[in-house]
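**Q** Below you'll find the structure I mean.
Taken together, the values in this text are just the output of simple stated rules run on the coordinates, not laboratory data. Since we're looking at a predicted model, the values are computed, not measured. A quick note on method: Cβ atoms are made from the backbone with ideal geometry, for glycine too, and the neighbour counts reach across all protein chains shown.
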Amino acid sequence: MRIGEGVPLSRLTTLGTGGSARAFARPETEKEVEELLGWAGERGIAVATVGLGSNLLAADEGVDALVLRLGGELAAVETEGEVLRVGGGAANAVCLHRARTAGLGGFEFACAIPGTIGGGIWMNAGAYGGDFSQVLGRALVATTDGAAWLTPEELGLSYRHSDLSHGQVVLRAELRLFRRPSEEIRAEVRELNARRKAAQPTNRRTFGSVFKNPEHELSAGRMLEACGLKGHRIGGARISPKHANFIENADGATTADAISLMAEARRRAHETFGVELRHEVEFLGALELPPL
Ligand SMILES: Cc1cc2nc3c(=O)[nH]c(=O)nc-3n(C[C@H](O)[C@H](O)[C@H](O)COP(=O)(O)OP(=O)(O)OC[C@H]3O[C@@H](n4cnc5c(N)ncnc54)[C@H](O)[C@@H]3O)c2cc1C
């Protein structure tokens, strides 16, 4: 198994920022993941797995870890009855396509979530009333101690949260779907995509929602919009003029620019609404937001 050095994380994140990973590998089988976890364990090196990097901010200084991106049979998708058997590295779009072709519904909510199964389970990603916890039967998770199948309860899935931590690799999952005519699935996906396009930035370098929605009558996006932050820019990063809970890489942004914007957004939301926004985007490397 080839282990690369100095691979820039800016190539592995949709925002396009971040320094280099200490080590990088693309395992394609469970055995290769096992070997890589062993290799890192012997050297005391941390392990982090990335999917499409669509919910990820990586430190500009780089990440002192072995970073994995799953491929090959760990990104494969197959159907068996009403179950979709998927690799942790399989893209949601591929899974949805296979489900639709097989006449299996239930995964339509993921049509506009540009990630992988592993990232979706980690985040319990969701949209339009659906999320991974509603379709996940079980997931095979590897650590240095071996691999085990875990249920959604054992994974601790709740709103945009799981109990997973770095060093745990989602190798495979089983999604429990239901029979639905392909045409109905296609029509629902078309409608959801149109809604998405009307409300959120598309064809931009972003990482999806910056903050989780707080327990408040206003969503995080509406709150930041009310603070006058749409279009606000720091360095190369800008709050989307279309949806205030998105940060775009407008022009040569760094992760530090995005963090500064997030800090400013939190400060203003706290000042105006008394709310402490919590970040939805995952941090990789030594990153933190300043206290309020
Ligand atoms: C335009 C846009 C729209 C979006 N819309 C939505 C939305 O509607 N709803 C929503 O919930 N999210 C949304 N997102 C955010 C993002 O797409 C989801 O959170 C997605 O599930 C992340 O998947 P990923 O594969 O890109 O994960 P990554 O961003 O690569 O990683 C996210 C976390 O998961 C971990 N991880 C990834 N794969 C594995 C694995 N195999 N094993 C263990 N850990 C793993 C990473 O270490 C990291 O901590 C959007 C993003 C964009 C850019």
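**Q** Between the range 216-271 and the range 66-115, what is the separation of their alpha carbon centroids in Å?
**A** When both Cα centres are located, 31 Å separates them.
**Q** Also: Put +1 on the Cβ of each Lys and Arg and -1 on the Cβ of each Asp and Glu in the chain; which of G119, V50, G208 then has its Cα farthest toward the positive end of the dipole?
**A** Value computed over the given set: G208.
**Q** Please list, or write none, the aspartates and glutamates whose alpha carbon is within less than 13 Å of the alpha carbon of K230, excluding same-chain residues fewer than 8 places away.
**A** E248, E264
**Q** Quick one: Debye curve from the C-alpha atoms of the range 141-292, no solvent, what's log10 I(q)/I(0) at q = 0.09, 0.13, 0.16, 0.17 Å⁻¹?
**A** Per q value, in the given order, log10 I(q)/I(0) is -0.40, -0.79, -1.04, -1.09.
**Q** Report the equivalent ellipsoid semi-axes for the range 208-253 in whole Å, largest first, defined as the square roots of five times the eigenvalues of the gyration tensor built from alpha carbon atoms. Could you put the intermediate results ahead of the total?
**A** Values: eigenvalues 84, 21, 9 Å².
Equivalent ellipsoid semi-axes, largest first: 20, 10, 7 Å.
**Q** Mind putting a number on the dipole of the range 179-292 about its Cα centre? Charges go on the C-beta only, +1 for Lys and Arg and -1 for Asp and Glu, and I need it in Debye to the nearest 20. Kindly include the intermediate steps, with their values, before the conclusion.
**A** On the way: 19 positive and 16 negative charges, 88 e Å.
Rounded to the nearest 20 debye, it is 420 debye.
**Q** For the range 50-111, which semi-axes, largest first and in whole Å, follow from the square roots of 5 times the eigenvalues of its Cα gyration tensor?
**A** Numbers: eigenvalues 168, 35, 9 Å².
Ellipsoid semi-axes (Å, largest first): 29, 13, 7.
**Q** Additional query: Report Rg (one decimal) and Dmax (nearest whole number) for the range 18-66, counting Cα atoms only, units Å.
**A** Here Rg and the maximum Cα pair distance are 11.5, 32 Å.
**Q** Additional query: When the dipole is taken about the Cα centre of the chain, and only Lys, Arg (+1) and Asp, Glu (-1) are charged at their Cβ, what size is it in debye, to the nearest 20?
**A** Numbers: 33 positive and 37 negative charges, 216 e Å.
Roughly 1040 debye, rounded to the nearest 20.
**Q** Further, regarding this structure: For every helix of n ≥ 4 consecutive DSSP H residues, a contribution of -39,500 (n - 2.57) applies; sum these over the chain, divide by its total residues, and give [θ] at 222 nm rounded to the nearest 500 deg cm²/dmol.
**A** Details: 8 runs with 83 residues, N = 292.
Rounded to the nearest 500, it is -8500 deg cm²/dmol.
**Q** Now for a separate question. Treat each spin label as a single point 7 Å out from the Cα along the C-beta direction, and report the Y159 to R222 distance in nm.
**A** 1.4 nm
**Q** If you wrap a convex hull around the C-alpha atoms of the range 237-292 and split its volume per residue, what is the figure in Å³? Walk me through the numbers on the way to the answer.
**A** Details: hull volume 4.7 nm³, N = 56.
Here the figure is 83 Å³ per residue.
**Q** Just the projected area, averaged over all directions, of the convex hull on the alpha carbon atoms of the chain: how many nm²? Could the numbers behind the result be given before it?
**A** On the way: hull surface 59.3 nm².
Orientation-averaged projected area of the Cα hull: 14.8 nm².
**Q** Per the Kirkwood definition applied to all pairs of different Cα atoms, how many angstroms is the hydrodynamic radius of the range 42-159? Display every interim value, and only then the final one.
**A** Numbers: mean 1/r = 0.0657 Å⁻¹.
When all Cα pairs of the range 42-159 are included, the Kirkwood radius is 15.2 Å.
**Q** How long is the gain from E80 to E5 if the chain were fully straight, where each residue apart is worth 0.36 nm and the alpha carbon distance is subtracted? Provide the component values of the computation, followed by the final result.
**A** On the way: separation 75, 0.36 × 75 = 27.00 nm, distance 3.89 nm.
Value of the extension gain: 23.1 nm.
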